[in-house]
Amino acid sequence: MNILSTRAVVPLVVSALTLGFLATTAPTSFPGVQPQLATLGDRVYLAFGLVDAISVVRSDDRGETFGPPSRLPLSGRLSLGMHRGPRVATTNSTVLVTAVAGAKGGGADGDVLLFRSRDRGTSWTTAVVINDVVGSAREGLHALAASASGLVVIAWLDLRAGGTRIFAAVSRDHGATWTPDVLVYASPSGSVCECCHPSVAIDREGRIAVMFRNNVDGNRDMYVARSAGEGSFAPATKVGTASWPLNACPMDGGGLALTEGGIVAIWRREDGIFLSSGQVPERRLGTGRDPTVATTGAHHDIAWSSSAGIMLVRDSTQPVPVAAGRFPAILALKEKTVLAWEDQGTVLVRAIPR
């Protein structure tokens with residue numbers, strides 16, 4: 001398999017916003033990689049990996065300070081790096097963490113594992129395997145989303161048959177029980193993009209959307225499949241207006257949110273970062289990779305990595321550089337943005353006032 005990896009050059013634009021929060025705040029740091037964020041009320045949860053360990057840290061002041069890491073009871077080899085690694089989400093009563101791990105690791109085997117905490121992340125259950133076919137999640141790329149009411153969705157790249165397909169499982173009781181695996185999408189060309197992570201989002205009515213990079217007739221474009229009733233998904237539709245003919249995998253899956261205005265999607269095509277929101281089919285925001293998006297109310301927060309470091313866009317402002325690093329994760333809160341990223345084996349997290 002050919003793997004495409006590029007680091008595009010982005011001009012360094014220094015703004016008053018950048019100088020303001022960088023001069024007065026310092027990020028909290030932990031040894032680790034591949035950070036992910038979730039929030040529940042005033043609490044913010046940060047999950048990340050380090051070799052074959054999963055850690056979760058909690059903030060009780062909306063991302064300003066964090067406590068010590070709690071290590072989850074993982075046995076086996078953890079899939080980690082290039083958008084592989086743990087995911088974290090919350091309902092109104094449960095913190096959930098997922099990861100892909102196997103006895104051998106390295107793509108030889110791997111299942112989607114779920115850990116749950118009912119005491120705000122103090123203690124964790126032993127892992128439960130989500131995928132029905134053992135080893136079918138061995139590519140190591142998956143996504144997790146949850147609603148306050150207890151709807152939880154996990155989607156992953158599945159290898160149970162020839163080619164790579166998108167499968168999902170759904171829980172409606174805070175992750176306690178799960179549906180059988182559901183086929184979300186199978187490409188007419190035989191395989192979706194083999195190593196770009198999927199994204200999952202849930203709207204207020206409990207509708208589910210899964211975004212993934214497809215491979216149709218040699219074009220590696222983003223598609224979204226939406227739930228069409230209990231245990232089924234409607235045919236997937238393409239995101240954006242142009243296509244990316246490519247005989248390689250960019251290892252970059254984008255980000256997804258569902259708002260009252262519809263789907264908000266962020267993705268990479270060639271060296272560009274593109275946003276689709278509401279009735280706007282696409283808009284180029286800048287140059288880079290690893291984009292992610294989060295929304296709350298009217299706020300849209302977007303981050304990606306570039307040669308200038310982590311770039312941040314809030315509510316249609318111009319991109320500003322935050323710090324050196326890659327693989328950002330983002331939370332949009334009413335009064336601040338919580339941003340996490342990795343840099344040289346360290347996970348960093350910072351709350352940035354609006």
- Summing Lys, Arg as +1 and Asp, Glu as -1, what charge do residues with Cβ under 10 Å from the Cβ of LEU275 carry, LEU275 excluded? +1
- Query: Nearest 0.05, what FRET efficiency do ARG283 and ASN92 give at R0 = 35 Å with Cβ-Cβ as r?
  - Reply: 0.50
- If R0 = 41 Å, then ASP52 and GLN318, at their Cβ-Cβ distance, give a FRET efficiency to the nearest 0.05 of 0.50
- Length released on extending from THR346 to ALA176, taking residue separation times 0.36 nm less the Cα-Cα span: 57.9 nm
- Query: Ranked by Cβ crowding within 10 angstrom, fewest neighbours first, how are ASP61, ASP203 ordered?
  - Reply: ASP61, ASP203
- Task: Can you work out the PRE-style zone for LYS104? Point 7 Å along Cα to Cβ, and I want the residues of the stretch 160-189 with backbone N under 17 Å.
- Result: 160-161
- Fully extended contour minus Cα-Cα distance, from SER149 to SER307, at 0.36 nm per residue: 52.9 nm
- Query: How would you rank HIS83, HIS197, going from fewest to most other Cβ atoms within 10 Å of each one's own Cβ?
  - Reply: HIS83, HIS197
- Helix-only mean residue ellipticity at 222 nm for the chain, each DSSP H run of n ≥ 4 adding -39500 (n - 2.57), per residue, nearest 500: -500 deg cm²/dmol
- Note on the structure: Rounded to 0.05, the calculated FRET efficiency for the beta carbons of GLU335 and SER189 at R₀ = 30 Å is 0.05
- Message: I want the local charge near GLY262. Using Cβ-Cβ distances under 13 Å, sum +1 for each Lys or Arg and -1 for each Asp or Glu among the other residues.
- Response: 0
- Note on the structure: From fewest to most C-beta neighbours within 10 Å, the residues MET222, MET82 line up as MET82, MET222
- Query: If the viscosity is 0.890 mPa s and the temperature 25 °C, what translational diffusion coefficient in µm²/s does Stokes-Einstein give for the chain when Rh comes from Kirkwood over Cα pairs?
  - Reply: 123 µm²/s
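Since every read-out is calculated from the coordinates, none of them should be taken as a lab result. Everything numeric here is computed off the predicted structure, so don't read it as measured data. Counting neighbours? That spans all protein chains shown, and the Cβs are built from the backbone with ideal geometry, glycine included.
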